[in-house]
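Written below as structure tokens is the structure these notes are about.
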């Protein structure tokens, strides 16, 4: 499904709501919250958002802090890059929860998932390079919250990376199709430019990138974890290269706002940073290999 949504760059809440938020909710292990919230997320009648990372966008430890005064849990912090955060009617927040039993309210750095009423938080759409992806910033200032449980954020991130990789494959495949179609119909020097050997070689390289990215994405879908990190790295690089070649091989028309090439280029660079930059995942894999 994500691969097909990636082909037309559909501005769908599937990735943020149906994958990231839903997996965060499932990993918290709160049966009551799952029964109450998941049906609406699954059938699309409700949009959920998971607020997690800070301005650096590393998708590591949560930036929001939680404390439990006598009147209940309260959250403080500012979260960036919240998928569909400005249109969500279910807002989940990953936070470092303080231990009320520790003198002075010191943080035990336990990660917990909280449910927040969207109207109680300040959610605002943020300008983004990619107009096909809705991102928001969520500000929490002593905002009341309900603790749902302790999520496995590493696994949630890996599943999200696997889903994003499939979306990137769909976008890359469609960019290649558009480029091949253009090469067959664009005539220069009295013949279609697709007959020129140099351009054939470049489109063949694009095809290899798409197919290897698809293999990586499918492997990650079957076994999120290390494969998800590999897929995130390779599919990000593949889409960037294919989108860049799309612009080069289309020529002047590709740098106009009327053509879709710039949208694929922007999606490529925007999705590269989502859920952690490729370098972050390479470093994670390298550290695991070093321990072996």
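Taking 30 Å as R0, compute the FRET efficiency from the Cβ-Cβ separation of residue 185 and residue 273 and round it to 0.05. The calculated FRET efficiency here is 0.30. Across the range 157-179, the residues whose backbone nitrogen lies under 17 Å from the label position 7 Å along the beta-carbon direction of residue 10 are 163-175. The long axis of helix 153-185 is offset from the longest Cα principal axis of the chain by roughly 20 degrees. The protection proxy used here, the mean number of other Cβ atoms lying within 10 Å of each residue, ranks peptides 209-217, 181-189 as follows, highest first: 209-217, 181-189. Put a dot 7 Å past the Cα of residue 58, heading toward its Cβ, do the same for residue 177, and the two dots end up 4.0 nm apart.
The shape of the range 127-260 comes out oblate: with a ≥ b ≥ c from the C-alpha gyration tensor, a/c is at least 1.5 while a/b does not beat b/c. Between 0 and 90 degrees, the angle of helix 261-273 with respect to the longest Cα principal axis of the chain falls at about 40 degrees. What angle do you read, to the nearest 10 degrees and between 0 and 90, between the alpha-carbon axis of helix 278-291 and the longest principal axis of the chain? For 278-291 against the chain, the angle is about 70 degrees. Indicate the gyration tensor shape class of the range 13-64 (rounded, prolate or oblate), computed on the Cα atoms with a ≥ b ≥ c the square roots of the eigenvalues: a/c under 1.5 is rounded; otherwise a/b larger than b/c is prolate and the rest oblate. Cα axes put the range 13-64 in the oblate bin. What does DSSP give for the chain in terms of the percent of beta bridges that are antiparallel, rounded to the nearest 5? Of all bridge pairs located within the chain, approximately 80 percent are antiparallel. Put simply, when 237-243, 130-136 are sorted by average Cβ atoms within 10 angstrom per residue, most first, you get 237-243, 130-136.
On the principal axes of its alpha carbon atoms, the chain extends 80, 46, 31 Å, with the longest extent given first. Placing a label point 7 Å from the Cα of residue 35 along the Cα-to-Cβ line, no residue of the range 115-137 has its backbone N under 15 Å from it.
No lab work stands behind these numbers, since they all come straight from the coordinates. This is a predicted model, so every value here is computed, not measured. Virtual Cβ from ideal backbone geometry, glycine too; neighbours counted across all protein chains shown.
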